[in-house]
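What follows is a short report on a single structure.
The values are calculated or read from the model by the stated rules, or taken from the named source; none is laboratory data. Remember, predicted model here, so these are calculated numbers, not experimental data. Please note: Cβ atoms are built from the backbone with ideal geometry, for glycine as well, and neighbour counts cover all protein chains shown.
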């Protein structure tokens, strides 16, 4: 009697389970095969992904082919707070990310607490080797994005002429800004689909246009002469206790700029740690009337052409010269002076 009751119960439970699975199967078939256009469109929208692939920025070289600016491949580190919260390993993951990436643990935990989001940044522009260390820990909910980061191998050398590139990849000063459209290149485009965890479904990649790298630029600057010029400015400031100094070196017969330097300087690799005054290129950033500073050029040209000699006399008109009815006055009035005295 007892065996018959147990057998009946087992059959009843089995039938109930069968009906449940049959119902789920019918519902699943309806969702996939039924005329549910709105749901199908929603699935396509959720899975669809268009990714812009950044192009490698062109290099900047000196006249001898030495690299002054280049792109390095780095990683942005992101987390999926929703997934981490679901799996319950937040404090453990936060401790490791804080230690490896040198980010305050409280900051990591605060971003993990935004459980309504699936994409929160932890640290930008991480060196590839360090990102690989984090990746080897295989934390669920931690992912990476490959990015190009501008690097200046010579540090502060020629910083004002080169300029820098901001976090959005846009040239923001110097050559980087002036020739931004030439250096930037053309980004690529990837149209694909992603699963529920935002991982790409490679078989569903519809379009993949690779990026086109930017063009390379060669300057007239000579890196060796640039180093000598900057060293001379540093020595001059140290000797005379000045607050700023600037100079340019030109190849006279062609007008090519061989070196250009300004002090104070900054490291374009760490441009956010510098002030506006440190980033100012004083060689071209200060405008003032030539006045007496241009006497050297005029007298040198006249001597070169044999028009005057150092002993020739010039009437300085007691410091006043009328031009179009208006007087132009010298800072210090003089009468008759030799060319040498004028200089």
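The number of residues in the range 158-199 that are part of a strand (DSSP E or B) and within 18 Å of residue 215 (Cα to Cα) comes to 4. Out of everything in the range 199-223 that is more than 25 Å from the chain's Cα centre (by Cα) and surrounded by 13 or more Cβ atoms within 10 Å (Cβ to Cβ), what residue ends up being modelled with the highest pLDDT? Going through the qualifying residues, I end up with 205. Here residue 262 fits the description: surrounded by 12 or more Cβ atoms within 10 Å (Cβ to Cβ) and touching a helix residue (DSSP H, G or I) at 6+ places or on another chain (Cβ under 8 Å).
Quick one: is residue 343 over 27 Å from residue 63 (Cβ atoms) and either touching a helix residue (DSSP H, G or I) at 6+ places or on another chain (Cβ under 6 Å) or not assigned by TED's automatic domain parsing to the domain that holds residue 126 (or both)? Against the criterion (over 27 Å from residue 63 (Cβ atoms) and either touching a helix residue (DSSP H, G or I) at 6+ places or on another chain (Cβ under 6 Å) or not assigned by TED's automatic domain parsing to the domain that holds residue 126 (or both)), residue 343 qualifies.
Of all the numbered requirements in (1) exposed (fewer than 14 other Cβ atoms within 10 Å of the Cβ); (2) touching a strand residue (DSSP E or B) at 6+ places or on another chain (Cβ under 9 Å), residue 318 misses one, and that requirement is (2).
Each row is one residue, and each column tells you yes or no for (1) in contact with a strand residue (DSSP E or B) (Cβ under 7 Å, 6 or more places away or on another chain); (2) within 21 Å of residue 62 (Cα to Cα).
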site: 244; (1), (2): yes, no
site: 258; (1), (2): yes, yes
site: 265; (1), (2): no, yes
site: 281; (1), (2): yes, yes
site: 291; (1), (2): no, no
site: 301; (1), (2): no, no
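Residue 231 meets all of the listed conditions (1) touching a residue at least 40 places away in the same chain (Cβ under 8 Å); (2) surrounded by fewer than 14 Cβ atoms within 10 Å (Cβ to Cβ) but one, namely (1). What are the residues in the range 233-265 that are assigned to a helix (DSSP H, G or I) and farther than 15 Å from residue 156 by Cα, if any? Within the range 233-265, 235, 236, 237, 238, 239, 240 qualify. Listed conditions (1) assigned to a helix (DSSP H, G or I); (2) in contact with a helix residue (DSSP H, G or I) (Cβ under 6 Å, 6 or more places away or on another chain); (3) surrounded by fewer than 14 Cβ atoms within 10 Å (Cβ to Cβ) are all met by residue 117, apart from (1). Which one is modelled with the highest pLDDT among residues in the range 24-60 that are touching a strand residue (DSSP E or B) at 6+ places or on another chain (Cβ under 9 Å) and part of a helix (DSSP H, G or I)? Only one residue fits best here, namely 47.
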